[in-house]
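What follows is a short report on a single structure.
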Amino acid sequence: MIVVACIKQVPDTTQVQIDPVTNTLVREGIPFIINPYDTHALEETLRLKDSHGFKAVALSMGPPNAEAALRKALALGVDRSILLSDRVFGGADTLSTSNVISAAIRRLMDEDEIGIVFCGKQTIDGDTAQVGPGIAVRLGFSQLTLVDRIERIDTGARTITVRRKLEGRYEIVEARLPAMITVVRELNRPRYPTVPMRLASAKAEVERWSNEELKLDVNSVGLKGSPTWVSRIFSPQRAQGEILGDGMNDPVAAALMLVDRLVEGDLLAV
Ligand SMILES: Cc1cc2nc3c(=O)[nH]c(=O)nc-3n(C[C@H](O)[C@H](O)[C@H](O)COP(=O)(O)OP(=O)(O)OC[C@H]3O[C@@H](n4cnc5c(N)ncnc54)[C@H](O)[C@@H]3O)c2cc1C
């Protein structure tokens, strides 16, 4: 059974600069890292390799320099690293990113059964949290988001039980395998590569799959397959905050007060 970790290489900064003319990220001069949430996805993949003997695969879609992230995954212990890279994949929004990653996973399914696809809960650059669910829907996998603990995996019954970390509560969910799981930081503590593993990974092969392998309609990938249209990206000017009904215990009265203020400020039409 294969476990896949989807990892994205992202700029190593939370202060992402936006080109005001093209509305795209300024990528020059910025070091890249594995998206922090994806390091936890990778770690869980490795733990399942250790505990269940699953085959661990790291997958990334990106430009040729994303190979660095996949090489790091090899140094940590994955069995295979695959880079999905082709000019026609460039300029992808979340829809076409999910399309390409799903097609690659489908290709892996021709080789062996897929048990789990791990993704981070979101990236620190795009931040949409759409790619994982997009993969689950396209592949017809169970969708388990915001997971902070794997409770149980029953490979015989093909089920998995996880804990989801929601706002102010936890949810225990059992689902059928194969599953797509998005993970939060609390799931685990990522390991560091050992020096021998790092040296070995420098010589290990990162597989490169282009659209020749995936055979996707070029109109469904990259810029052509991306219906997202970015009209403008900007940092919002923050107005001074205001606390309404401080100390109020009645949620209905608080909600009514909020609606009144929004209507007064022409922010809500009733
Ligand atoms: C408003 C907006 C406009 C954009 N415009 C453009 C554009 O014009 N051109 C352009 O090139 N990009 C653009 N992007 C970026 C592009 O949509 C994303 O890089 C990509 O689709 C992934 O989405 P995300 O970063 O939001 O990932 P999320 O959905 O937040 O990621 C969730 C998880 O999915 C997995 N994942 C996501 N992306 C990858 C990947 N590439 N490989 C492997 N795993 C992955 C990871 O496990 C990740 O933790 C834009 C994004 C936004 C939000």
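Proximity of backbone amide H atoms, modeled 1.01 Å from N, is registered between GLN17 and VAL26 at under 5 Å, excluding neighbours fewer than 5 places apart on the same chain.
If you average the sequence gap of Cα pairs under 8 Å that are 6 or more apart and divide by the length of the range 2-225, what percent do you get for the contact order? Provide the component values of the computation, followed by the final result.
On the way: 475 pairs, mean separation 59.1, N = 224.
Across the range 2-225, relative contact order equals 26 percent.
Note on the chain: the alpha carbon radius of gyration divided by the globular reference 2.2 N^0.38 Å gives 1.15.
The packing ranking, built from the mean of other Cβ atoms within 10 Å per residue, places the peptides 142-149, 179-186, 60-67, 248-255 in the order 179-186, 142-149, 60-67, 248-255, highest first.
Legend: helices of the chain (whole DSSP H runs) are marked when their alpha-carbon atoms reach 27 angstrom or more along the helix axis and their mean Kyte-Doolittle hydropathy is at least -1.0; nothing is marked. A helix-only calculation puts the chain at -9000 deg cm²/dmol for mean residue ellipticity at 222 nm, using -39500 (n - 2.57) for each DSSP H run of at least four residues, averaged over all residues. With a threshold of 28 Å on the Cα-Cα distance, the over-threshold entries among LYS72/LYS224; LYS203/LYS224; LYS165/LYS215; LYS8/LYS224; LYS49/LYS215 are LYS72/LYS224; LYS203/LYS224; LYS165/LYS215; LYS49/LYS215. The residues neighbouring LYS215, those whose beta-carbon lies less than 13 Å from its own, together hold a net charge of -3 under the Lys/Arg +1, Asp/Glu -1 convention.
If you place +1 on the Cβ of every Lys and Arg and -1 on the Cβ of every Asp and Glu, how big does the dipole about the Cα centre of the range 15-150 come out, in debye to the nearest 20?
With only Lys, Arg, Asp and Glu charged at Cβ, the dipole is about 140 debye.
Other residues within the sphere of radius under 13 Å centred on the Cβ of GLY140, judged by their own Cβ, net out at +3 (K and R +1, D and E -1).
Per-residue extension of 0.36 nm, minus the Cα-Cα distance of VAL173 and ARG198, leaves a gain of 5.3 nm for this segment. Positive contributions from Lys and Arg (+1) and negative ones from Asp and Glu (-1), summed over other residues with Cβ under 15 Å from the Cβ of ALA157, come out at -1. Applying D = kT/(6 pi eta Rh) to the range 97-175, where Rh is the Kirkwood radius over alpha-carbon pairs, T corresponds to 4 °C and eta to 1.567 mPa s, the Stokes-Einstein value obtained is 94 µm²/s. Take 150-161, 82-93 and order them by the average number of nearby Cβ atoms within 10 Å per residue, most first; the result is 82-93, 150-161.
Classified by the C-alpha gyration tensor, the range 138-218 has an oblate form. Its axis ratio a/c, with a ≥ b ≥ c, is 1.5 or above, and a/b does not exceed b/c.
Of the peptides 193-199, 205-211, 129-135, the ranking by mean beta-carbon count within 10 Å, highest at the top, reads 129-135, 205-211, 193-199.
Amide H contacts under 5 Å for PHE32: ASP12, restricted to partners 5 or more places along the chain or on a different chain, H placed in the peptide plane at 1.01 Å from N.
State whether the range 8-159 is rounded, prolate or oblate according to the following rule on the C-alpha gyration tensor (a ≥ b ≥ c being the square roots of its eigenvalues): a/c under 1.5 gives rounded; otherwise a/b larger than b/c gives prolate, and the remaining case gives oblate.
Prolate is the answer for the range 8-159, as a/c is 1.5 or above and a/b outweighs b/c.
Every number in this text was worked out from the coordinates using simple rules, so none of it is lab data. Model, not experiment: these values are computed from the prediction. Positions of Cβ are backbone-derived with ideal geometry, glycine not excepted, and every protein chain shown enters the neighbour counts.
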